[in-house]
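**Student:** Structure provided below as structure tokens; questions to follow.
The values are calculated or read from the model by the stated rules, or taken from the named source; none is laboratory data. Predicted, not measured: the structure shown is a model, and the values here were computed from it. Virtual Cβ from ideal backbone geometry, glycine too; neighbours counted across all protein chains shown. Please note that ligands, DNA and RNA were not included when accessible areas were found on the heavy atoms of the full protein model with its side chains. Shrake-Rupley method; radii C 1.70, N 1.55, O 1.52, S 1.80 Å.
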Amino acid sequence: QEKIIKLKEAVALTQEYTNEIISELDVTNEEVTIARDYADAIIRTVRGPVLVLNINLRIISANESFYTTFKVPPDDTENRLLYDLGDKQWDIPSLRVLLEEILPEKNTIEDFVVEQDFKDIGQKTMLLNARTLQQGPNKTSLILLAIEDITENKKAEKALRESGELFRTANEKMTTLSEELQTRNEEVT
């Protein structure tokens, strides 16, 4: 009888301890959900294209701007290797260097320029920012990849350079003509 009482007390203590652990896990799960929702809201709010990759360079998620800019549906994006995306259009040698060599050593990359001709959207010049972060209690590595399309800026810079060169050439010709005209005026005089 005494053993049964002690056994019931042990079971009650174990149940109480189990309930405490379950309660703590519920709180932790809620905190994780809140943190995940917060991070997801930030990524979805950013205007520019953003990808979240796992350490094996598989796409965990992307924001709406990525899908719109690069004309790819979520079903063909998420859980795919980045390099396989869009019929391997993302298999860009300089992007491989960034993600496989530079980022693992530096953990943060800013203003890395990548150029690529995409089948559906044409030639693009992109400015990439990448950051490695650790997530969760297991410190799972993730990569945030932000993409800024600077194609139009590059075109405008090129047009400005070209117009500057045209202006210089025209100015040189005008100077030469002015000198020739002055020489002829002197001859006439």
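**Student:** Out of L51, L98, which single residue is open to solvent by less than 50 Å² (accessible area, probe 1.4 Å), part of a strand (DSSP E or B) and at pLDDT 90 or above?
**Tutor:** So the residue among L51, L98 that is open to solvent by less than 50 Å² (accessible area, probe 1.4 Å), part of a strand (DSSP E or B) and at pLDDT 90 or above is L51.
**Student:** Something else about it: State which residue is surrounded by the fewest Cβ atoms within 10 Å (Cβ to Cβ) when the search covers only segment 68-84 and only residues that are out of contact with any strand residue (DSSP E or B) (no Cβ under 8 Å at 6 or more places or on another chain) and not in a loop (DSSP other than H, G, I, E, B).
**Tutor:** Only one residue tops the list, namely D75.
**Student:** In the set A146, A156, which member is open to solvent by less than 70 Å² (accessible area, probe 1.4 Å), in contact with a Gly (Cβ under 8 Å, 6 or more places away or on another chain) and either without any contact (Cβ under 8 Å) to a residue 24 or more places away in the chain or under 30 Å from L95 (Cβ atoms) (or both)?
**Tutor:** From the options A146, A156, the qualifying one is A146.
**Student:** Here's a follow-up. Consider D87 against the criteria (1) in a loop (DSSP other than H, G, I, E, B); (2) under 14 Å from F70 (Cβ atoms): it satisfies all of them except one. Which criterion is unmet?
**Tutor:** For D87, the failing item is (1).
**Student:** Any residue at all in segment 83-98 that is polar (S, T, N, Q) and within 12 Å of the chain's Cα centre (by Cα)?
**Tutor:** No, segment 83-98 contains no residue that is polar (S, T, N, Q) and within 12 Å of the chain's Cα centre (by Cα).
**Student:** Sticking with this structure for a sec: Filter segment 133-189 for residues that are part of a helix (DSSP H, G or I) and among the β-branched types (V, I, T); which is nearest to S61 (Cα to Cα)?
**Tutor:** T151
**Student:** Restricting to segment 54-67, and then to whatever is assigned to a helix (DSSP H, G or I) and in contact (Cβ under 8 Å) with a residue 12 or more places away in the chain, can you tell me which residue is most open to solvent (accessible area, probe 1.4 Å)?
**Tutor:** So, considering only residues that are assigned to a helix (DSSP H, G or I) and in contact (Cβ under 8 Å) with a residue 12 or more places away in the chain, the one most open to solvent (accessible area, probe 1.4 Å) is E64.
**Student:** Within segment 122-143, can you find the residues that are among the hydrophobic types (A, V, I, L, M, F, W, C) and open to solvent by 40 Å² or more (accessible area, probe 1.4 Å)?
**Tutor:** Listed by number, the list holds a single entry, L133.
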